[in-house]
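I have placed the structure first, in the form of structure tokens, so that the comments after it can refer back to it.
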Amino acid sequence: MQRPNAAQLTCGSATVVLATVALLLFSGTTTTLGITAISLAGLLLGLLVAVTMPLRTSGVKTVAPTPPPTAHEEVRVPTARVGAGVDTRTGS
């Protein structure tokens, strides 16, 4: 079984919270057993939603921007500096 992605976790968590709150409000139960049963029902419903949600089959495609082609593009070649690192003194 694959690990759930962010969308599955979000939808499952939202389902747990909303279903549990709605069931508690509509049932009006105040007993510990009733609250536990409704909480477990909300948890199972959220798990069902997260597991049955379809997975993304392909990855996210990113395209690197390419500069527009130019007709007369210059090629710049670095040149060596004259006297760079060379002793330029003449003999005495």
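The values are calculated or read from the model by the stated rules, or taken from the named source; none is laboratory data. If you're wondering where the values come from, they're calculated on a predicted model, not measured in any experiment. In this analysis, Cβ positions are derived from the backbone assuming ideal geometry, glycine residues included, and neighbour counts consider all displayed protein chains. All accessible areas refer to the heavy atoms of the entire protein, side chains included, with ligands and DNA or RNA removed. Shrake-Rupley method; radii C 1.70, N 1.55, O 1.52, S 1.80 Å.
Candidates are the residues of segment 19-28 that are without any contact (Cβ under 8 Å) to a residue 24 or more places away in the chain and of a type in the set (A, V, I, L, M); the one that is least open to solvent (accessible area, probe 1.4 Å) is ALA22. Counting the residues of segment 1-36 that are farther than 17 Å from MET53 by Cα and not in a helix (DSSP H, G or I) gives 4. Filtered by the rule that a residue be surrounded by fewer than 12 Cβ atoms within 10 Å (Cβ to Cβ) and among the hydrophobic types (A, V, I, L, M, F, W, C), segment 1-16 gives MET1, ALA6. Pairs are defined by a Cβ separation below 8 Å, a sequence spacing of at least 6 or placement on different chains, a first member in segment 1-15 that is over 17 Å from LEU44 (Cβ atoms), and a second member that is of a type outside the set (Lys, Arg); the pairs so defined are GLN2/LEU55; ASN5/LEU55; ALA7/MET53. Count, please, the residues in segment 37-92 that happen to be part of a loop (DSSP other than H, G, I, E, B), under 30 Å from LEU9 (Cβ atoms) and at pLDDT 75 or above. The number of residues fulfilling the criteria is 2.
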